[in-house]
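Every number in this text was worked out from the coordinates using simple rules, so none of it is lab data. Every value quoted in this text rests on a predicted model; they were computed, and no experiment measured them. Positions of Cβ are backbone-derived with ideal geometry, glycine not excepted, and every protein chain shown enters the neighbour counts.
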Amino acid sequence: MATVDHTRGIKTNNTRAFIAVWENLQTGDDGLPLPFSQYTDRSVQVSGDFGGGSLVIEGSNNNGASWDALSDAQGNPLNITGAKIEQILEIAALVRPRLVGGAAGDVSVFLLVKE
């Protein structure tokens, strides 16, 4: 179990947007939190070998003391079990991915945020 740092990955050609990338997450890994509150538009794309596990997109408003699942545009918890792209409904001070269960390996998370 490790905390995986994110990089600023793919260029968006928009100076007010970027894509944070957490690569090669394994079961039990979480992502180093990204400050999140200034971004009004947010979507997440996930790909890789889920191996029966799921990726949870979590937010925190208490400086990471506790984490709760964020929701998609329909209000469902972002508990992702396969490759997909989803809009993120809530705005939180911090956001992170966390890979739980199964024998998942090499899951990558691409988080597009725009001011």
> Would you pick out the residues in the range 86-97 that are assigned to a strand (DSSP E or B) and either aliphatic (A, V, I, L, M) or crowded, with 18+ Cβ neighbours inside 10 Å (or both)?
Replying inline: Glu86, Leu94, Val95, Arg96, Pro97
> Would you pick out the residues in the range 40-52 that are out of contact with any strand residue (DSSP E or B) (no Cβ under 6 Å at 6 or more places or on another chain) and either polar (S, T, N, Q) or surrounded by 20 or more Cβ atoms within 10 Å (Cβ to Cβ) (or both)?
Replying inline: Thr40, Phe50
> Looking only at the range 40-70, which residues are closer than 27 Å to Arg16 by Cβ, assigned to a loop (DSSP other than H, G, I, E, B) and small (Gly, Ala, Ser)?
Replying inline: Gly64
>> Can you pull out every residue in the range 1-21 that is under 11 Å from the mean Cα position of the chain (by Cα) and of a type in the set (Gly, Ala, Ser)?
In response: Ala20
>> Just checking, does the range 22-43 include any residue being among the β-branched types (Val, Ile, Thr), within 19 Å of Glu86 (Cα to Cα) and within 12 Å of the chain's Cα centre (by Cα)?
In response: no
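Results for (1) in contact (Cβ under 8 Å) with a residue 24 or more places away in the chain; (2) surrounded by fewer than 12 Cβ atoms within 10 Å (Cβ to Cβ); (3) part of a loop (DSSP other than H, G, I, E, B), shown as yes or no for each residue.
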| position | (1), (2), (3) |
| --- | --- |
| Thr12 | yes, no, yes |
| Ile19 | yes, no, no |
| Asn24 | yes, no, no |
| Thr27 | yes, no, yes |
| Gln38 | yes, yes, yes |
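Rundown of residues vs (1) among the charged types (D, E, K, R); (2) on the phi > 0 side of the Ramachandran plot; (3) touching a helix residue (DSSP H, G or I) at 6+ places or on another chain (Cβ under 7 Å), yes/no style:
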position: Gln26; (1), (2), (3): no, no, no
position: Asp41; (1), (2), (3): yes, no, no
position: Glu58; (1), (2), (3): yes, no, no
position: Ile88; (1), (2), (3): no, no, no
position: Ala93; (1), (2), (3): no, no, no
position: Arg98; (1), (2), (3): yes, no, no
position: Gly101; (1), (2), (3): no, yes, no
position: Phe110; (1), (2), (3): no, no, no
